[in-house]
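Quick notes on the structure that follows.
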Amino acid sequence: MPKVSQAQAKLNRQRVVEVAAALFRERGLHGVGVADIMASAGLTHGGFYGQFASKEALAVEAFDLAANQNWRPDDLDGWMASYLTLGHVRNPGVGCPLAAMVNDVSREAPGSPLRARFLHGARDLIERMTGLLPAALAKRRRQRALASLSLMIGAVALARAIDDEALSEEVLAAARGVLTTGKVG
């Protein structure tokens with residue numbers, strides 16, 4: 001078998017991370033194996049450990065990639081509105097990794113690299129959201145960002161679990177309403 005060039009190995013690695021980022025969000029950390037990821041990337045299973053120390057190491061990189069794909073820092077209101085849609089609910093593979101992976105990550109061992117990366121991603125998003133909220137909120141900006149992000153992630157997770165599209169949309173609409181008006185109903 002011919003040896004793969006360094007440039008091709010780099011492209012292959014990137015492809016594996018991209019595929020893993022989508023599959024982990026779609027199926028969960030434990031719902032997809034290394035063989036599935038490699039096959040979906042069009043590569044053989046044997047090449048995995050030449051590129052990654054473990055599935056968890058891949059999951060950390062995949063989380064980073066997904067987190068960086070889903071942030072629109074210039075339009076907080078637009079981002080929150082697009083987050084709370086059936087399109088986001090139906091397409092977890094291209095959506096927010098926090099909402100898609102929150103339950104899986106919570107089951108990882110405390111101090112694990114993936115939990116550490118998730119914490120970093122959550123803190124980063126909270127800080128970015130806090131910075132974009134109106135200065136008039138002053139001391140309450142961080143609490144508003146925390147509550148907004150919690151509501152968004154919870155609404156998306158709940159809407160994904162509900163097997164009733166009308167109720168899912170109702171959950172999302174209620175969350176959008178609270179975020180835009182600060183009030184229920």
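How many residues, within the stretch 1-57, are surrounded by fewer than 13 Cβ atoms within 10 Å (Cβ to Cβ) and assigned to a loop (DSSP other than H, G, I, E, B)?
Start the filter on the stretch 1-57 by keeping residues that are surrounded by fewer than 13 Cβ atoms within 10 Å (Cβ to Cβ), which leaves 1-3, 5-8, 10-11, 30-31, 35, 42, 44, 46, 49-50, 53-54.
With assigned to a loop (DSSP other than H, G, I, E, B) added as a condition, the list becomes 1-3, 5, 30-31, 42, 44, 53-54.
Adding up the residues that qualify gives 10.
Determine which single condition Ile153 fails, assuming it passes every other condition in (1) farther than 20 Å from Leu65 by Cβ; (2) within 14 Å of the chain's Cα centre (by Cα); (3) in contact (Cβ under 8 Å) with a residue 24 or more places away in the chain.
(1)
Does Val60 satisfy the condition of being surrounded by 13 or more Cβ atoms within 10 Å (Cβ to Cβ), closer than 18 Å to Gly154 by Cα and at pLDDT 95 or above? Step through it out loud before you land on a result.
Working: surrounded by 13 or more Cβ atoms within 10 Å (Cβ to Cβ): yes; closer than 18 Å to Gly154 by Cα: no; at pLDDT 95 or above: yes.
No: the conditions fail for Val60.
Could you tell me which of the residues Ala41, Ala22, Ala59 is in contact (Cβ under 8 Å) with a residue 60 or more places away in the chain and either touching a His at 6+ places or on another chain (Cβ under 7 Å) or under 24 Å from Asn91 (Cα atoms) (or both)? Spell out the reasoning first.
On the way: Ala41 fails: in contact (Cβ under 8 Å) with a residue 60 or more places away in the chain; Ala59 fails: in contact (Cβ under 8 Å) with a residue 60 or more places away in the chain.
Testing whether each residue is in contact (Cβ under 8 Å) with a residue 60 or more places away in the chain and either touching a His at 6+ places or on another chain (Cβ under 7 Å) or under 24 Å from Asn91 (Cα atoms) (or both) leaves just Ala22.
Filter the stretch 133-144 down to the residues that are more than 29 Å from Ala59 (Cα to Cα) and part of a helix (DSSP H, G or I) and list them by number.
Initially, the stretch 133-144 is screened for residues more than 29 Å from Ala59 (Cα to Cα), giving 133-141, 143-144.
Listed by number, the residues that qualify are Ala135, Ala136, Leu137, Ala138, Lys139, Arg140, Arg141, Gln143, Arg144.
Please work out which one of (1) among the aliphatic types (A, V, I, L, M); (2) in contact with an Asp or Glu (Cβ under 9 Å, 6 or more places away or on another chain); (3) closer than 18 Å to Ala81 by Cβ is the condition Leu114 fails and give its number.
The one condition Leu114 does not meet is (3).
Is it true that some residue in the stretch 147-160 is open to solvent by 70 Å² or more (accessible area, probe 1.4 Å) and either on the phi > 0 side of the Ramachandran plot or at pLDDT below 95 (or both)? First the steps, then the outcome.
Restricting attention to the stretch 147-160, the residues satisfying the condition of being open to solvent by 70 Å² or more (accessible area, probe 1.4 Å) are 150, 158.
Those left that are additionally either on the phi > 0 side of the Ramachandran plot or at pLDDT below 95 (or both): none.
Within the stretch 147-160, none of the residues are open to solvent by 70 Å² or more (accessible area, probe 1.4 Å) and either on the phi > 0 side of the Ramachandran plot or at pLDDT below 95 (or both).
Considering only the stretch 87-99, how many residues are of a type outside the set (Gly, Ala, Ser) and open to solvent by less than 40 Å² (accessible area, probe 1.4 Å)?
To start, the set of residues in the stretch 87-99 that are of a type outside the set (Gly, Ala, Ser) comprises 88-92, 94, 96-98.
Imposing the further condition that a residue be open to solvent by less than 40 Å² (accessible area, probe 1.4 Å) reduces the set to 88-89, 92, 96-98.
The qualifying residues number 6.
Select from the stretch 66-86 the residues that are open to solvent by 40 Å² or more (accessible area, probe 1.4 Å) and either more than 22 Å from Leu133 (Cβ to Cβ) or in a helix (DSSP H, G or I) (or both) and list them in ascending order. Talk me through it step by step, then tell me what you get.
Step one: of the stretch 66-86, the residues open to solvent by 40 Å² or more (accessible area, probe 1.4 Å) are 68-69, 72-75, 77, 81-82, 85.
If the condition is that a residue be open to solvent by 40 Å² or more (accessible area, probe 1.4 Å) and either more than 22 Å from Leu133 (Cβ to Cβ) or in a helix (DSSP H, G or I) (or both), then Asn68, Gln69, Asp77, Ala81, Ser82 are the ones that fit.
Could you check the stretch 100-131 and list, in sequence order, the residues that are small (Gly, Ala, Ser), part of a helix (DSSP H, G or I) and surrounded by 12 or more Cβ atoms within 10 Å (Cβ to Cβ)?
Residues of the stretch 100-131 small (Gly, Ala, Ser): 100, 106, 109, 111-112, 116, 121-122, 131.
Checking which are part of a helix (DSSP H, G or I) leaves us with 100, 106, 116, 121-122, 131.
Hits for the stretch 100-131 are Ala100, Ala116, Gly121, Ala122, Gly131.
The values are calculated or read from the model by the stated rules, or taken from the named source; none is laboratory data. Note that the structure is predicted; figures quoted are calculated from it, not measured. With ideal geometry, Cβ positions are generated from the backbone for all residues, glycine too; neighbour counts draw on all protein chains shown. Only protein heavy atoms, including side chains, enter the accessible area calculation; ligands, DNA and RNA are left aside. Shrake-Rupley method; radii C 1.70, N 1.55, O 1.52, S 1.80 Å.
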